[in-house]
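Derivation of every value follows stated rules applied to the coordinates shown; laboratory data play no part. The shown structure was predicted, so the numbers you read here are calculated from the model rather than taken from an experiment. Methodologically, a virtual Cβ is constructed for each residue, glycine included, from the backbone with ideal geometry; neighbour enumeration extends over all protein chains shown.
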Amino acid sequence: MSTQNFTYTGHPARVIFGFGTTTQLPDEVERLCARRALILSTPAQTSQAEHLAGLLGATCVGIFSGAVMHTPVDVSEHAVSLAKEVGADVVVGVGGGSTTGLAKAIALRTDLAQIILPTTYAGSEMTPILGETSDGAKRTQTTLKVLPEVVIYDVDQTLGLPPGISGTSGINAMAHAVEALYARDSNPVISSLALQAIKALAVALPKIAKDSTDRDARFDALYGAWLCGICLGSVGMALHHKLCHTLGGSFDLPHAETHTVILPHALAYNAPAMPEVMVALEGVLGPDPALALQKLARSVNAPTSLKEIGMPADGVERAAFIAMSNSYWNPRALEISQIRDLIGRAYEGAPPL
Ligand code: NAD
């Protein structure tokens, strides 16, 4: 370990982890001294929301199953009106980043406490970050007001996550840990969590692709995803997240798939500027970590090119230009022709260089 000074900020959250932990929800609501819970989900996860309503009985005062990707402000305002109408004193979100985003948006506007039961590996539940969209633009803010108070990780809630989404969602999580290793404000606490998380997911995801009901692999993947969420919430991100934000926003590309395609290329780009990080990554991913990440994507049948997830061929140039338009910290200096090459290789699904 290096002997450099560092700052570590821990975000307070109560975490319950394991199999069957959903049954602890009524106790957790009571622990917060709450009596009127509004349950949140996406339309596709209404049955999971209804299951929670059954557990809570009369403490559940409503279900809002209208959460959608990218937290549109109009949906959040609708949910806030419902929360006020039913007199909710806690929101309970069951789902992935979309549902957690809605819970955070409600907390931002009402100060209601949040209990989150994550069902994907996105990691939003561990961050004080909220990205909201209105009029086609996404605005991201960081405030402790949106940090969930309680997170119940129940591996059983993830067993139904389809194998395809499991692979891309897991690699999306790994991207948080990879970038945490070379963050400007990286620190040894987060780096050790990051390496543990990358290893857990790299081993678990191919097992889940073969058998999505492999309970041990699901346990390891969710554990890794939790740690990846801590990484994302604790230190700053760089080129990879910036590129994914640009590509997602400008070309309406799917979130987790975009992360999966870009990660090997962003890592390969930064590799020459951080040899010690690459050595640490070799310890958990094997030789040539960038190529190993692309192989991991293939092994879980995830996309490895931007063209197969809907990027237009003429978008490469524009994406490079947008990605360079705002300055941000990155371990290696950004040069437009090299960023264009990086996006071009990601477009084709070529090996990372
Ligand atoms: P998601 O929440 O939209 O879930 C993807 C789809 O899978 C949805 O249709 C959902 O209903 C379904 N699903 C989720 N869990 C399931 C399960 N166990 N079984 C069956 N179906 C299930 O997607 P996501 O990738 O989890 O989150 C992406 C969103 O989260 C994006 O908007 C992204 O910007 C945001 N995000 C925010 C942060 C943050 O810190 N603010 C971090 C990561 C992601």
Legend entry - Neighbourhood charge, 12 Å Cβ-Cβ cut-off, centred on residue 253 and excluding it, Lys, Arg +1 and Asp, Glu -1: -2
Inset, instruction - Under 1.5 on a/c is rounded, so check that first for region 188-298, then, if it is not, pick prolate when a/b is larger than b/c and oblate when it is not; a ≥ b ≥ c are the square roots of the alpha carbon gyration tensor eigenvalues. - result: rounded
Inset, instruction - Could you give the DSSP H helices of the chain that reach 30 angstrom or more along their long axis (alpha carbon positions) and whose average Kyte-Doolittle hydropathy is no lower than -0.5? - result: 188-210
Inset, instruction - Please list the non-local residues whose amide H lies under 5 Å from the amide H of residue 14, H modeled 1.01 Å from N, same-chain partners needing a gap of 5 or more. - result: 150, 151
Inset, instruction - Multiply the residue separation of residue 30 and residue 336 by 0.36 nm, subtract the distance between their alpha-carbon atoms, and state the gained length in nm to one decimal. - result: 104.7 nm
Inset, instruction - Report, ordered by chain and residue number, the aspartates and glutamates lying within cross-link reach of residue 145, taken as a straight Cα distance under 16 Å and ignoring same-chain residues fewer than 8 apart. - result: 89, 111, 125, 132
Legend entry - Using θ = phi - 60° and Karplus 6.51 cos²θ - 1.76 cosθ + 1.60, couplings along region 140-153 (whole Hz; Gly, Pro as x): 10, 9, 10, 8, 5, 4, 9, 6, x, 6, 9, 10, 9, 8
Inset, instruction - Let me know the shape class of region 267-307, please: from the alpha-carbon gyration tensor, a ≥ b ≥ c as square roots of the eigenvalues, rounded when a/c is under 1.5, otherwise prolate if a/b is greater than b/c, or oblate. - result: oblate
Inset, instruction - Using DSSP to define loop residues, name the chymotrypsin sites (Phe, Trp or Tyr not before Pro) in region 1-89 whose beta-carbon has at most 16 other beta-carbon atoms within 10 Å. - result: 6, 8, 19
Legend entry - Residue-wise HN-Hα coupling along region 122-138, computed from phi with Karplus coefficients 6.51, -1.76, 1.60 (Hz; x: Gly, Pro): 5, x, 4, 4, 9, 10, x, 10, 9, x, 10, 10, 8, 6, x, 10, 9
Inset, instruction - Determine the calculated [θ] at 222 nm for the chain from helices alone, applying -39500 (n - 2.57) to every DSSP H run no shorter than 4 residues and normalising by the residue count; nearest 500 deg cm²/dmol. - result: -17000 deg cm²/dmol
Inset, instruction - Within region 297-353, list the chymotrypsin sites (Phe, Trp or Tyr not before Pro) lying in a DSSP loop whose Cβ has at most 15 other Cβ atoms in a 10 Å radius. - result: 328, 329
Inset, instruction - Would you look at the GNM of the chain, springs on alpha carbons closer than 10 Å, and say which of 282, 257, 335 moves the most? - result: 335
Inset, instruction - Let me know the charge dipole size of the chain about its Cα centre in debye, to the nearest 20, where only the beta-carbon of Lys, Arg (+1) and Asp, Glu (-1) is charged. - result: 280
Inset, instruction - Between the alpha-carbon centers of region 236-258 and region 64-99, tell me the distance in whole angstrom. - result: 24
Legend entry - Difference of contour (0.36 nm per residue) and Cα-Cα distance, residue 46 to residue 326: 96.8 nm
Inset, instruction - Among the listed pairs 210/242; 199/242; 138/295, give every one whose C-alpha distance is greater than 27 Å. - result: 210/242; 138/295
